[in-house]
Amino acid sequence: MTSRREFLRSLAVLAAAAASPLRAQPPRFASYPFALGVASGYPSPDGMVLWTRLTGVDPIATTLRWEVAEDEAMKSIVFSGTTTAEPAWAHSAHVEVRGLEPDRWYWYRFGAGDAQSPVGRTRSTGSPGPSPSFLASSGPAGLRRKPSVRVCGYCFSPPRGTIWKKWKSRRLEPWVATKVPRPCWRTTMRSATSSSIALRSVPIETLKRSASRVSEGSAAPGGHSPAAMLRVSRDEAMKSIVFSGTTTAEPAWAHSAHVEVRGLEPDRWYWYRFGAGDAQSPVGRTRTAPAPGVVPGRLRFAFGSCQQYEQGYFGAYRHIVADAPELMVFLGDYIYESSWGRDHVRHHDAPEPYTLEEYRARHALYRSDPDLQAAHAACPWVLTWDDHEVDNDYADERPEDGMPREAFLERRAAAYRAYYEHMPLPARMRPDGPRMRLHAQLGWGGLAQFHVLDTRQYRSWQACPRRNRAGGSNTVDVEQCARLFAPGRSMLGFAQERWLDAALARSRAGWNVIAQTTRMAQFDQKPGPGRRAWTDGWDGYPAARTRLFEALTSHKVSNPVVIGGDVHSFHVSQLKADFDDPASPVVAAEFVGTSITSQAWAQERVNRFLPDNPHIVLADSRYRGYTRVDVSPKLLRADLRAMASVRERDADCSTLASFVVEDGRPDPKLA
């Protein structure tokens, strides 16, 4: 555990770093910088993660270096200097070079920070007589006069030069093949004297927009790193400050800040606020978890999933805030990459995202919802993802629609990075390209242990995909898909399976909550004899599900309860070792929450399958909403909270049904 002294020392280091002119500069904002709100997450007995993302950060003037040489290798430099790229002029730079020899070729390049432009080629004209001048520009830069010559030193292209079918109608500029974003430079001839050349550099903002794969520290030159101040208090009025410090909101991470506070008292509420320049964020409320071994009398948490922005307002969060949970667990599909469904109440402001900038914009759009912001500010969150944070039905490195693997991993890296930038995640979850460890454990004293799973990043590809599809889900007759039952297939990946097995074996908590993304109970979609299975859920990975149930049994895990989402309906089920045997014992209770907004099957369609699934106690697709859970040492109670509508911002919410699970009795019962 980090002591108060160690924590203050670390804050002092952060403050010193923020004060350094090389890392942070006085913040300037074009608009209110906390438009996306604040959030907290992953509470521990002595702290938590506090998050914000600054918006409206004004760009700053940037120094550019330039060189002119007599040779393409840039060895024989004849002129060099520096100029300032002003934000008022889109970070463009126009350098008029004089004193050159007439009628000969020259080579030139720009530099900014650690980045260098490609080498451009230009020339002076003959003497005497009228002489044209030359302008190096990026993109359409005003009117051009003929004759002209365009020399492109480096242009953006998809990885390996492959143009995927969906790219044909898209701008290719954001796709880069290297970690350092590089622009397309052109040379255009104009009129001037024989001894002058005008050079114009690419705008810095164009460089920043062009990065679809950005590694840590590779923000475009000119990125502004404002200092964000943080205060943590014992009271909502922010009078009793217990900690304060400064961190830097780096442009490489979209000016997000993730501060891991330590040294707080266990099992109590705190309030916090960020500041930047003269602006202050709203006050957020968060809390620490109980100390290990301490069994509190109660834990209230809520869980939700699947919030398609266009299909409804996020009014469920207003009711979650009113319920005053101590923890919010989100189970996937925080954003949707695609537009679908009917009767939209609002719209995505851009097409499907593929690049880092586009995923950032999609997250910012969702985060602009006031009810979602209020829920993030009300209590700490724990999160996992499903598919729509990246692409529908993806499995590991395979998308559903045949996008080349390398290109898809570029897209996944962009999506993962934007996800981290917008969530209150600890630093250990910071992504490394297309890889990001999200699965985690969270203890609530001796009362409960949360096992938060990642069911997307490491899973085996879906078995028996649809005809003419490279991947993605399908609904298949199990007798016609032998690969479905292969023992080597995994929903979690074998490394995560081993991690979960070890965590379940050593857990001494009274309740073990397995937080994952979808329905775990078998759901037969073939009325009568035989069985049809949906391959994207746990029915598509029966061997992996069996291994998990065997672990729960062999380790004698105390009160396992599975929570999930994804199917946009409430499901309450008995999880059995053998779903086809009515006498098979119940291994665990399962509660699947409905969607926050995403549309669902008609209830009549669900009803057709219920007679063939007697282990499903309730299945209701009529409502959007969330699930509220109260846990005590002897009882777990789940209230299925149903919204009257998601087409109205202020719609009411009521309890559809309540179920309880008693200590030592895994079978869920109607309350």
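The values are calculated or read from the model by the stated rules, or taken from the named source; none is laboratory data. Here the structure is a predicted model, which is why all the values come from computation and not from measurement. Here the Cβ positions follow ideal geometry from the backbone for every residue, glycine too, while neighbour counts run over all protein chains shown. Calculation scope for accessible area: heavy atoms of the full protein, side chains included, ligands and nucleic acids excluded. Shrake-Rupley method; radii C 1.70, N 1.55, O 1.52, S 1.80 Å.
Data overview
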quantity	calculated
Exposure ranking of Phe79, Phe243 by accessible area [1.4 Å probe, largest first]	Phe79, Phe243
Difference of contour (0.36 nm per residue) and Cα-Cα distance, Arg622 to Ile241	132.5 nm
The stretch 240-357, accessible area per residue, ligands and nucleic acids excluded (1.4 Å, Å²)	32 Å²
Under 5 Å, built H, 5+ apart or other chain: amide partners of Arg123	Tyr106
Accessible heavy-atom area order of Arg405, Arg489, highest first, probe of 1.4 Å	Arg405, Arg489
Interchain or long-range residues, amide H under 5 Å from Val587's placed H	Leu575, Lys576, Ala577
Accessible area of the stretch 348-401 belonging to carbon and sulfur atoms, whole % at 1.4 Å probe	49 percent
The stretch 318-413: GluC sites (Glu not before Pro) in DSSP coil with no more than 16 other Cβ atoms inside 10 Å	Glu397
Additional length obtainable on full extension of the chain from Arg647 to Thr63, 0.36 nm per residue less Cα span	205.2 nm
Anisotropy class of the stretch 559-670 from Cα gyration tensor, a/c 1.5 cut	oblate
Dipole magnitude of the stretch 524-671 about its Cα centre (Cβ charges: Lys, Arg +1; Asp, Glu -1), debye to nearest 20	120 debye
For Met48, distant residues with modelled amide H under 5 Å away	Val261
Dipole of the stretch 542-671, positive direction: furthest Cα of Ala638, Phe579, Thr597, with charges on the beta-carbon	Thr597
For the stretch 492-544, average projected area of the Cα convex hull in nm²	4.9 nm²
Residue order for Thr84, Thr246 - accessible surface, 1.4 angstrom probe, largest first	Thr84, Thr246
Rule-of-thumb Rg ratio for the stretch 434-544 [Cα; 2.2 N^0.38 Å; N residues]	1.22
Å² per residue, accessible surface of the stretch 515-598 at 1.4 Å	27 Å²
For the stretch 290-377, alpha-carbon Rg over 2.2 N^0.38 Å	1.32
DSSP-defined beta bridges in the stretch 446-586 - what % are antiparallel, rounded to 5	30 percent
Spatial separation of Cα centroids for the stretch 533-568 and the stretch 360-381, in angstrom	30 Å
